[in-house]
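Undergrad: Shown below is the structure under consideration.
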Amino acid sequence: MSRKLKNNLFKGSIYTASFLSIAMLLFLISTLIGKGVSAMSWEFLTSESSDFGSKGGIFYQIIGSLLLTLSAAIISFPLALGMAIYKSEYIRKNAFQNITNTLIYSLNGIPSIIFGIFGLIFFVNILNMGISWFVGGIILAIMILPTIILSSYQSINSIPVSYRENAASLGLTKWQVIHTTIIPRAINGGFTGLLIGLARAIGETAPIMFIATAFSGVTFPNSFLEPVSSLPTHILALAQQATNPQALQNAWGSSLVLIILVFIFSISALVRRVQYSKIKY
Amino acid sequence: METENTIQHQPLSDLAVTNLNVSFSEIDVLKNISITFQKNKVNCIIGPSGSGKSTLLRSLNRINDDAHKIKTSGTIHFNNENILQKNQDLTELRKNIGMVFQSPCVFPKSISENVTFGIQQHRKLSKAEKATIVEENLKKVSLWSEVHTRLNESGNILSIGQQQRLCLARTLAIQPKIILMDEPTSSLDPLSTRAIENLMVALKETYTVILVTHDISQAKRVSDHVFFICNGELIEEGNKDQFFNIPQKAETKEYLKNEACIC
């Protein structure tokens, strides 16, 4: 086979792979828009659901999903930032560094249903916290922790050693060096990781369905220890009524709203990444 | 020309190295170095690449402390205290012994924030104090006239030569007694190099300057006292005229002639 033919074959195969990936994504999104847009109305977005979701809107499901992701963000962000700084600035030995890497990647690879089961056994049963959005927030926080840690860690690692040395040579203590040169960069990277993590968390069903959500009859929670409705579990409930055209239409509408929320997080992450890549280091 | 006698009467600096040995991962980089630096002079450490010049310089403010598997023995006395002691206050040490590195490292902040970056970590500054410190130190490094209209712009917009002077201003702002310079002109064009060299000469009125360079002609232009280090050992030292005109050791002669090390 000639070199030119090999080159063209390789080029053709990567073009085909790219085309198929984009085509599948476009098909999915266009189907969602096509089917979901007919359910979309101001009333659908702002009214309470009824009749197990087949009637009414998804207002409390949107609120519930946002509440879960917001609590996950508040819990996970400082923890991940602390871990990333500890990992980059305080762990020296290669062996320990490898162990932490393995643990973080392992945490990232755990199937989401396992997080749900863990939450059910530990928080709901052992700690007797009941089914609540707060427990859901904790579990989602644990789930997205590796994404934020790795994103912050990569940001910190991209800071040249000379910045630490220059800061230290001015008489700054280790904490001052971390505070002035490391943390601002870690926050930037961590925030991008957080948005990517939240884009994943908001669409998760398995980790929260046993521990944080109720399928119907729930409005705004009055305390930390009450369940909420969420978009993914609502879609699951509606999908189970697939023979009801109204329920099916609401499922498409809810899916479209969920995808829009995921897109908002993903695009925000992308914009932030581009913004901070412009910082000259 | 200075004579040997005048050199002996030069006030010595408060910085003296005695029997200093430094190794990284069991590899000896500095071997039994003993040096007393001259006060208010440009002390120049020269030698070929990898001879241990930078390691010596970086030992003087212990910026090497975090290096992997570093072992240090001997003493470095500053103000009659051995700074190699474990309980040494590194913040105090580095406030007194400032450092300018090979490549300028401007923080992603404004020009004025870069100047006050170090000093404002040591004490709280009023707005007026900050303005005074910025002006004073930018003037010291002859940068004020070039940047005074854009102090709030990012330091990264400056040319490399200006950035290096900004780094020097940042170091001067912490009011050190000694300034360490690790090949500060190696990434600069000839014009910026000359500007930094002029500054070194001007700064010695107030500060003791310790310069590491592999550029023999630069050492000839700016130094008052020269230390030649080769293969981790101090081969020869002397005042500039004596060192360059009548070197004593064969190794020094060879280095000055061919920039080659025969140690």
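Undergrad: Using the Cα atoms of the protein assembly as shown to build a convex hull, what is its mean projected area in square nanometres?
TA: That works out to 36.9 nm², a quarter of the Cα hull's surface.
Undergrad: Ok, one more. Using the Cα atoms of region B:77-231, I'd like the radius of gyration and the largest Cα-Cα distance, Dmax, both in angstrom.
TA: Every Cα atom of region B:77-231 included, Rg and Dmax give 15.9, 50 Å.
Undergrad: Would you mind calculating the gained length between B:ILE160 and B:ASP65 on full extension (0.36 nm times residue separation, minus the Cα-Cα distance), in nm to one decimal?
TA: 31.4 nm
Undergrad: Sort A:ILE187, A:ILE99, B:ILE178 so the one with the fewest other Cβ atoms within 10 Å of its own Cβ comes first.
TA: A:ILE99, A:ILE187, B:ILE178
Undergrad: Looking at chain B, what % of its DSSP beta bridges pair antiparallel, to the nearest 5?
TA: 55
Undergrad: Work through the residues other than B:LEU188 whose Cβ is under 13 Å from its Cβ and net out their charges, Lys, Arg +1 and Asp, Glu -1. Don't jump to the answer; show the numbers that get you there.
TA: Values: positive: B:ARG165, B:ARG194; negative: B:GLU183, B:ASP189, B:GLU197, B:ASP215.
Combined, the nearby Lys, Arg, Asp and Glu give -2.
Undergrad: Strictly over 20 Å apart at the Cα level, which of B:LYS124/B:LYS204; B:LYS95/B:LYS127; B:LYS220/B:LYS253; B:LYS39/B:LYS220; B:LYS95/B:LYS130 would you flag in this model?
TA: B:LYS124/B:LYS204; B:LYS95/B:LYS127
Undergrad: Hey, another quick one. Take the alpha carbon gyration tensor of region A:1-121, find the square roots of its eigenvalues, order them as a ≥ b ≥ c, and report rounded if a/c is under 1.5; if not, report prolate when a/b exceeds b/c, else oblate.
TA: Because a/c hits 1.5 or more and a/b fails to exceed b/c, region A:1-121 counts as oblate.
Undergrad: Rounded to the nearest 0.05, what FRET efficiency do B:LYS31 and B:VAL201 give with R0 = 22 Å and r taken as the Cβ-Cβ distance? Could you check?
TA: 0.10
Undergrad: Relative contact order for chain A: what is it in percent, counting Cα pairs under 8 Å that are at least 6 residues apart?
TA: 28
Undergrad: Show me the ranking of peptides B:163-174, B:124-135 by mean Cβ neighbours inside 10 Å, starting with the highest.
TA: B:163-174, B:124-135
Undergrad: Neighbour counts of other C-beta atoms within 10 Å: give me A:TYR163, A:TYR153 arranged from fewest to most. Intermediate values should be presented prior to the final figure.
TA: Numbers: A:TYR163 19, A:TYR153 25.
In increasing order of surrounding Cβ atoms, one gets A:TYR163, A:TYR153.
Undergrad: If you don't mind, another one. Trypsin sites (Lys or Arg not before Pro) within region A:1-106: which are DSSP loop residues with at most 11 other Cβ atoms inside 10 Å?
TA: Details: sites: A:ARG3, A:LYS4, A:LYS6, A:LYS11, A:LYS35, A:LYS55, A:LYS87, A:ARG92, A:LYS93; in loops: A:ARG92, A:LYS93.
Passing both the DSSP loop test and the Cβ count: A:ARG92, A:LYS93.
Undergrad: Using a/c under 1.5 as the rounded threshold, could you call chain B rounded, prolate or oblate? The axes a ≥ b ≥ c are square roots of the C-alpha gyration tensor eigenvalues, and prolate needs a/b larger than b/c, oblate otherwise.
TA: Values: a/c = 1.79, a/b = 1.45, b/c = 1.23.
Prolate, since a/c reaches 1.5 and a/b exceeds b/c.
Undergrad: Over the whole of B:115-121, what's the average partner chain Cβ count within 10 Å per residue? Rounded to a whole number, please. Write out the running numbers ahead of the final one.
TA: Numbers: counts 0, 0, 6, 8, 2, 1, 9.
Partner-chain Cβ atoms within 10 Å, mean over residues of B:115-121: 4.
Undergrad: Need one number: % antiparallel among DSSP beta bridges in the protein assembly as shown, to the nearest 5.
TA: In the protein assembly as shown, DSSP labels about 60 percent of beta bridges as antiparallel.
Undergrad: Roughly what would the spin-label model give for A:SER216 and B:GLU136, points 7 Å off Cα along C-beta, in nm?
TA: Calculated label separation equals 7.6 nm.
Undergrad: Still on this structure, I have one more. Compute the signed sum of charges (Lys and Arg +1, Asp and Glu -1) over the other residues within less than 10 Å, Cβ to Cβ, of A:VAL218.
TA: Neighbour charge sum, excluding A:VAL218 itself: -2.
Undergrad: Now for a different question. Tell me what the protein assembly as shown gives for mean residue ellipticity at 222 nm when only DSSP H runs of n ≥ 4 count, each as -39,500 (n - 2.57), the sum divided by the residue total, rounded to 500 deg cm²/dmol.
TA: Taking each H run of at least 4 residues, the total per residue is -17000 deg cm²/dmol.
Undergrad: Pull out a ≥ b ≥ c, the square roots of the eigenvalues of the alpha-carbon gyration tensor of chain A, then state rounded if a/c is under 1.5, prolate if not and a/b is larger than b/c, and oblate in the remaining case.
TA: It comes out oblate by the Cα gyration axes.
Undergrad: Could you size up the charge dipole of chain B around its Cα centre, putting +1 on the beta carbon of Lys and Arg and -1 on that of Asp and Glu, and report it in debye to the nearest 20?
TA: Approximately 640 debye in magnitude.
Undergrad: Sticking with this structure for a sec: Mind sorting A:TYR60, A:TYR15, A:TYR276 by how few other Cβ atoms lie within 10 Å of their own Cβ, fewest first?
TA: In order of increasing Cβ crowding within 10 Å: A:TYR15, A:TYR276, A:TYR60.
Undergrad: Arranged from highest to lowest average of other beta-carbon atoms within 10 Å per residue, in what order do the peptides B:37-46, B:192-201 appear?
TA: B:37-46, B:192-201
Undergrad: For peptide A:156-169, how many partner chain Cβ atoms fall within 10 Å of a residue's Cβ, on average? Could you put the intermediate results ahead of the total?
TA: Working: counts 0, 0, 0, 0, 2, 2, 5, 4, 3, 7, 14, 5, 9, 19.
Per residue, the number of nearby Cβ atoms from other chains is 5 on average.
Undergrad: Using +1 at the C-beta of Lys and Arg and -1 at the C-beta of Asp and Glu, which of B:ASN231, B:ILE119, A:MET143 has the Cα lying farthest in the positive direction of the dipole of the protein assembly as shown?
TA: Of the listed residues, the answer is A:MET143.
Every number in this text was worked out from the coordinates using simple rules, so none of it is lab data. Please read all numbers here as calculations on a predicted model, not as lab measurements. Reconstructed Cβ throughout: ideal geometry from the backbone, glycine too, with neighbour counts over all protein chains shown.
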